[in-house]
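K.L.:
Questions regarding the structure given below will be posed in turn.
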Amino acid sequence: MPLEDKIRQLEATDKLHIWHPFTQMKDWVNEDNHPLIITEARDTFIKDIRGRWYLDGVSSLWVNLLGHRRKEIDEAIKGQLEKAAHSTLLGLANEASIELAGRLSSLMEKSFPASNLNKIFYSDNGSTAVEVALKMAFQYWRHRGFEKKTAFLSLENGYHGDTLGAVSVGGVGIFHDTFRPLLFKTFKAPSPYCYRCPLRRKKETCRLACAEKVEGILKKNADKIAALILEPMVQAAGGMIIFPSGYLKRVRELCLKYNVLLIADEVATGFGRTGRMFASEHEEAAPDILCLSKGITGGYMPLAVTVAREEIYNAFLGEYAELKTFFHGHSYTGNPLACAAAIAVLDIFGKEDVLTSSRGKIGMLQKWLRETESLPHVGEARGLGLMAGVELVREKRKKEPYPWEERMGWRVALRCLEKGLFIRPLGNVLVIMPPLSISIENLKMMLEIIADSINETTD
């Protein structure tokens, strides 16, 4: 079949049958829309069906840490496939999940000394990791005799996934408001979004003011609150919002003061994205429960982990008749193929010292962000590690955003695509999330394309 005929057939089948996530399908199925159909990937690039290569500026939605078709991960999955593709953890154990649990426990001890974060519960994606954490926290307090502790405290602009529990503790209106009637009620604290401080404070006082709001809620309601959940240091899907220095540390102190668990959702921020293995390390804020997914397998296989302190685990121990069991699980819990991929990722981190090798790239990105903030239609360029966002504004002095319907973020992204870079914005915020393995040369090219596209599109 001629290539163009094949492309037309694939486009037609896609538009006829696939419901794409976070996509207005009326626009997608328009005859003028010709979706990019990816057929191959290599290193930090993806190739479309016509043979054109694009730099993968979003790490295939934040999951690809170490590059596509990484030999070590390929071989780990193939090696496991020759033994067993899947075996349940309900009533059985499997070798790969055991090895990975031991490795993760050792990693937790290194990142959070004396925290006793050493109990590993497997699931399959970020949303389920959060669901596990919420149910775990809820049931923990029941076993402890604190039956009034049934609520959760979370932050505005927070995003924890799309299952109903995760949405209940989410705070991004455009994603979550539609489902409000289905959700359980939660306490909400203001996001420390200092550029647009919800408390109308200056950047210097935003941290203190937002932390005081958290304390106010805890002081009045700690007897009802099981846990506070947040994305440490970076609210990713909320717009790449960077916590001000000291905020996370203060929240950790408040949770201890008011006897509330701290759940760290490190699904997006974990595994080196912020320059530390886990974002919570930046302020030595060891959580009580930690959620991981996305980069844990290098973008190869679905896998998630919820790590709990030993004290929490111990509260579930009891006689069979006491029904203290944690009644939660998934068909693919502890999937050996995914666990094998994750073990290979940890091997690469150790062998190549990925965190150290990222420092030069982080420095380059931070310098570029400072320079880019001077552009006339950039309100704020912010980042931590290799996670960054560039917020576009119509009027810089007044911080006036572009109207949603103008789709300015998407227009800049489309201009980047024309130049050979794929990025996906969050409204007016351009997201920069390359693989950690990106070369200095390719990172430089990526940043130059984004700056040029901003200038060419916003003039």
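Bear in mind that the values in this text are calculations on the coordinates, not laboratory data. These numbers were taken from a predicted model, which means no experiment stands behind them. Note that each Cβ is placed from the backbone with ideal geometry, even for glycine, and that neighbours are counted across all protein chains shown.
K.L.:
Name the shape class, rounded, prolate or oblate, that the alpha-carbon gyration tensor gives for the range 136-251, where a ≥ b ≥ c are the square roots of its eigenvalues, rounded holds for a/c under 1.5, and otherwise prolate holds if a/b is larger than b/c and oblate otherwise.
P.N.:
On the way: a/c = 2.10, a/b = 1.32, b/c = 1.59.
Verdict is oblate for the range 136-251.
K.L.:
Normalising by the residue count of the chain, find the relative contact order in percent from Cα pairs under 8 Å and 6+ residues apart. Before the final figure, lay out each step's value.
P.N.:
Numbers: 846 pairs, mean separation 91.2, N = 459.
For the chain, the relative contact order is 20 percent.
K.L.:
If you place +1 on the Cβ of every Lys and Arg and -1 on the Cβ of every Asp and Glu, how big does the dipole about the Cα centre of the range 110-249 come out, in debye to the nearest 20?
P.N.:
Values: 21 positive and 11 negative charges, 112 e Å.
About 540 debye.
K.L.:
Apply the a/c threshold of 1.5 to the C-alpha gyration tensor of the range 1-64 and tell me whether it is rounded, prolate or oblate. Write out the running numbers ahead of the final one.
P.N.:
Working: a/c = 2.48, a/b = 1.24, b/c = 1.99.
The shape class here is oblate.
K.L.:
Could you please state, rounded to a whole Å, how far the C-alpha centre of the range 225-259 is from the C-alpha centre of the range 322-365?
P.N.:
22
K.L.:
In sequence order, what are the phi-derived ³J(HN,Hα) couplings for the range 197-207 according to the Karplus relation 6.51 cos²θ - 1.76 cosθ + 1.60 with θ = phi - 60°, rounded to whole Hz, with x for glycine and proline?
P.N.:
Karplus values, whole Hz, x for Gly and Pro: 3, x, 9, 6, 9, 6, 3, 5, 10, 4, 4.
K.L.:
Take peptides 220-233, 367-380 and line them up by average Cβ neighbours within 10 Å, highest first, as a rough protection proxy.
P.N.:
Working: 220-233: 22.1, 367-380: 16.6.
Highest mean packing first, the order is 220-233, 367-380.
K.L.:
Let me ask something else about it. Among residues other than A226 whose Cβ falls under 11 Å from its Cβ, what is the net charge (Lys/Arg +1, Asp/Glu -1)? Don't skip to the end; give the middle numbers.
P.N.:
Working: positive: K135, R142, R144, K148, K149, K224; negative: E147, D223, D288.
Taking every Cβ under 11 Å from that of A226, the sum is +3.
K.L.:
May I pose another question? Which GluC sites (Glu not before Pro) from the range 289-340 combine a DSSP loop assignment with at most 16 other Cβ atoms within 10 Å? Display every interim value, and only then the final one.
P.N.:
Details: sites: E310, E311, E319, E322; in loops: E319.
Hits after loop and neighbour filter: E319.
K.L.:
According to the square roots a ≥ b ≥ c of the eigenvalues of the Cα gyration tensor, what is the shape class of the range 226-347, taking rounded for a/c under 1.5, prolate for a/b larger than b/c otherwise, and oblate for the remainder? Before the final figure, lay out the partial values.
P.N.:
Details: a/c = 2.29, a/b = 1.09, b/c = 2.10.
Oblate, because a/c is 1.5 or more while a/b does not exceed b/c.
K.L.:
I need the fraction of alpha carbon pairs in the chain separated by more than 35 Å, rounded to a whole percent. The partial results should precede the final answer.
P.N.:
Details: 33172 of 105111 pairs.
Considering the chain, 32 percent of its Cα-Cα pairs are separated by more than 35 Å.
K.L.:
Shifting gears a bit: Counting pairs on different chains as well as pairs 8 or more places apart, how many Lys pairs in the range 26-109 have Cα atoms under 30 Å apart?
P.N.:
Working: K26/K47; K47/K71; K47/K78; K71/K83.
So the count works out to 4.
K.L.:
Given the peptides 247-258, 353-364, arrange them by the average over their residues of other C-beta atoms within 10 Å, most packed first. Walk me through the numbers on the way to the answer.
P.N.:
Numbers: 247-258: 19.2, 353-364: 14.3.
Highest-to-lowest ranking by the protection proxy: 247-258, 353-364.
K.L.:
I need to check one value: relative contact order of the range 407-459, counting alpha carbon pairs closer than 8 Å and at least 6 residues apart, in percent. Show your work: numbers first, answer last.
P.N.:
Numbers: 44 pairs, mean separation 21.7, N = 53.
Relative contact order of the range 407-459: 41 percent.
K.L.:
Can you compute the modelled spin-label distance between K185 and E406, with each label point 7 Å from Cα toward Cβ, in nm?
P.N.:
Going from the K185 label point to the E406 one covers 3.9 nm.
K.L.:
In the chain, what % of DSSP beta bridges are antiparallel (nearest 5)? List each step's numbers first, then the result.
P.N.:
Values: 33 of 48 bridges.
About 70 percent, rounded to the nearest 5.
K.L.:
Follow-up question, since we're still on this one. So how far, in whole Å, is the C-alpha centre of the range 167-185 from the one of the range 98-165?
P.N.:
First find each Cα centre; the distance between them is then 20 Å.
K.L.:
Hey, another quick one. What relative contact order, as a whole-number percentage, does the range 271-328 give when Cα pairs under 8 Å and 6 or more residues apart are counted?
P.N.:
Working: 43 pairs, mean separation 11.8, N = 58.
Relative contact order, the range 271-328: 20 percent.
K.L.:
Moving on to the next point. If each DSSP helix of 4+ residues adds -39,500 (n - 2.57) and the sum is divided by the residues in the chain, what number results at 222 nm, nearest 500 deg cm²/dmol?
P.N.:
On the way: 16 runs with 178 residues, N = 459.
Helix-only estimate at 222 nm: -12000 deg cm²/dmol.
K.L.:
Which chymotrypsin sites (Phe, Trp or Tyr not before Pro) in the range 140-170 pass both tests, a DSSP loop state and at most 16 other beta-carbon atoms within 10 Å? Kindly include the intermediate steps, with their values, before the conclusion.
P.N.:
Numbers: sites: Y140, W141, F146, F152, Y159; in loops: F146, Y159.
Sparse-neighbourhood loop chymotrypsin sites (Phe, Trp or Tyr not before Pro): F146.
K.L.:
I'd like the distance between the alpha-carbon centres of the range 397-459 and the range 19-47, rounded to an integer number of Å.
P.N.:
Taking the Cα centre of each part, the range 397-459 and the range 19-47 sit 17 Å apart.
K.L.:
So for each of 62-71, 296-305, 7-16, 208-217 I average, over its residues, the number of other beta carbons within 10 Å; can you give me the resulting order with the highest mean first?
P.N.:
Numbers: 62-71: 21.1, 296-305: 24.9, 7-16: 13.1, 208-217: 18.2.
By packing density, highest mean first, the sequence is 296-305, 62-71, 208-217, 7-16.
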